[in-house]
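Data first, discussion second: the structure below is written as structure tokens.
The values are calculated or read from the model by the stated rules, or taken from the named source; none is laboratory data. In this text, all values refer to a predicted model and were calculated from it rather than measured experimentally. Every residue, glycine as well, gets a Cβ built from its backbone with ideal geometry; the counts of neighbours run over all protein chains shown. SASA here: full protein model, heavy atoms, side chains in, ligands and nucleic acids out. Shrake-Rupley method; radii C 1.70, N 1.55, O 1.52, S 1.80 Å.
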Amino acid sequence: MAEATAPQDSVDALALDESVTFTSELIRIDTTNRGGGDCRERPAAEYVAERLAATGLEPALLERTPGRTNVVARIPGTDPSAPALLVHGHLDVVPAEAADWTVHPFSGEIRDGEVWGRGAIDMKNMDAMVLAVVRFWARAGIRPRRDIVIAYTADEEASAADGAGFLADRHAALFEGCTEGISESGAFTFHAGPNMPLYPIGAGERGTGWLKLTAHGKAGHGSKVNRANAVTALAAAVTRIGEYEWPVRLTPTVRAALAEIAALHGIHPDLDAPGFDVDELLGKMGPAAALVAPTVRNSSNPTMLDAGYKVNVIPGHATAHIDGRTVPGGDEEFHATLDRLTGPCVDWEFAHREVALQAPVDSPTYGKLRAAIERFDPDAHVVPYCMSGGTDAKQFSRLGITGYGFSPLKLPVGFDYQALFHGVDERVPVDALHFGVRVLDHYLRTA
């Protein structure tokens, strides 16, 4: 790419158009991740790699498993002494049942000013916006201040073993110098009330603890009394886990979110006061409470059960799966509590485990992310929040990269962004993509 030119206030019209075209065309490439390795991201990876290569970059296509393809490219910055920035997005999507949708989930149809299809929000929109920005820079002769590493990953919707985990473990050199990263699930408009457009920036993630429970008992005839029934023992443990009320654990990111969102509602709580009741505070925060409520404590939700093979046979073992999530610093409590709730007749183990994350909300990077949103939406109230789930930032954190959720979209009142994650009729407004391209262009050139 050519040397940097003077900063511009806006991208060109082609970049705006390409953000829409790329979103639509990526949606049409079915990259459904059904888990267990049942996915093929390579066609989407080749799509983005071809368009990156057209700008003069040299994208690397990397696979741990054939067809599970990742793309990584580096854009040189103008300041070699500056730390590099990682921008990453995943190419896989969760399954979609076409019969439930208004349009076919892999049509990429543009209807009523919106791009429809699986991945429109999670997260082929961000993939497309980044691609549009990079191509605009090539046309305009723009280089960012710091090196920017672009990564399109596989397998985020499962274990990330073929995606970000593989890249972090086997190709760490490609991310040399990266100290921070941005990706999905942040900087979208959340309408918390009249004239209260919030833009939550992800500055933390709860940890992932997917559990497998196994109860061992005595097999026997279904007509006979059996005090060592594995199904009974498992059902009791699952009930205890599902009904357990986890204690409140407020992390720095969540404390900042509570304080800033409450202040917008005219409330100034003392979070350290004796008897402080976070649930009472959340009840006063209106719709915005949904941004914070899932992250004030650990959680454990039973999701799968498996036992037996015939109605009149008591099986010798039974299994269940639990979706566990932990706040930063909550692992020890989580482990001890599960030991207690499962009891002596049920064993448990982690089927998949990833760390919780926190990112500072008083850092220069967070300040620049906030400023980029406010530049293009002066009415914005930018607030930090902790994600209830997880992203590829967990895997990249192994390389010392601090992650922020920043996939900017300006959304209209009534557009339920969070409900469309993994939901039916997933779609993204064209105007939101245009906003995101402008914000990303400004932030990434000045980061």
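Here's the list of lysines a cross-link from LYS310 could span, going by alpha-carbon distance under 24 Å and ignoring same-chain residues fewer than 8 apart: LYS212, LYS218, LYS224. Counting heavy atoms of the protein chains alone, VAL20 has an accessible area of about 20 Å² for a 1.4 Å probe.
Spacing of the modelled spin labels on ALA236 and LYS284, each 7 Å from Cα toward Cβ, amounts to 4.3 nm. For GLY204, the amide hydrogen comes within under 5 Å of the amide hydrogens of ALA359, MET387, GLY405, counting only partners 5 or more places away or on other chains and with H modelled in the peptide plane. With a simple spin-label model that places each label point 7 Å from the Cα along the Cα-to-Cβ direction, the separation between SER363 and ALA336 comes to 3.0 nm. Averaging Cα coordinates gives a centre for the stretch 77-143 and one for the stretch 275-312; these two points are 30 Å apart. Largest accessible area first, the listed residues ASP379, ASP79 line up as ASP379, ASP79 when surface is computed with a 1.4 Å probe on the assembled protein chains. Adding -39500 (n - 2.57) for every DSSP H run of four residues or longer, then dividing by how many residues the chain holds, sets the calculated 222 nm ellipticity at -9500 deg cm²/dmol. Peptide packing: for 372-378, 42-48, the average count of neighbouring Cβ atoms within 10 Å per residue gives the ranking 42-48, 372-378, highest mean first. Counting only DSSP beta bridges whose two residues both lie in the chain, roughly 70 percent are antiparallel. Highest GNM mean-square fluctuation among PRO197, PRO66, PRO83, for the chain modelled with Cα contacts below 10 Å: PRO66. Within the listed set ARG249, ARG227, ARG64, the Gaussian network model of the chain (springs between alpha-carbon atoms below 10 Å) gives the highest mean-square fluctuation for ARG227. Pick out which of GLY209, GLY36, GLY113 has the largest mean-square fluctuation in a Gaussian network model of the chain, springs linking Cα atoms closer than 10 Å. Maximum among the listed residues: GLY36. Amide H contacts for ILE75 (H built 1.01 Å from N in the peptide plane; partners 5 or more residues away or on another chain; cut-off under 5 Å): ILE148, VAL149, ILE150.
If you take the Cα centroid of the stretch 328-366 and the Cα centroid of the stretch 29-54, the two points sit 31 Å apart. Whole-Hz Karplus values for the stretch 55-72 come out as 8, x, 6, 10, x, 9, 9, 10, 9, 8, 10, x, x, 9, 9, 10, 10, 9 Hz, taken residue by residue from phi with 6.51 cos²θ - 1.76 cosθ + 1.60 and θ = phi - 60°; glycine and proline positions read x.
Amide H contacts under 5 Å for GLY220: ILE314, restricted to partners 5 or more places along the chain or on a different chain, H placed in the peptide plane at 1.01 Å from N.
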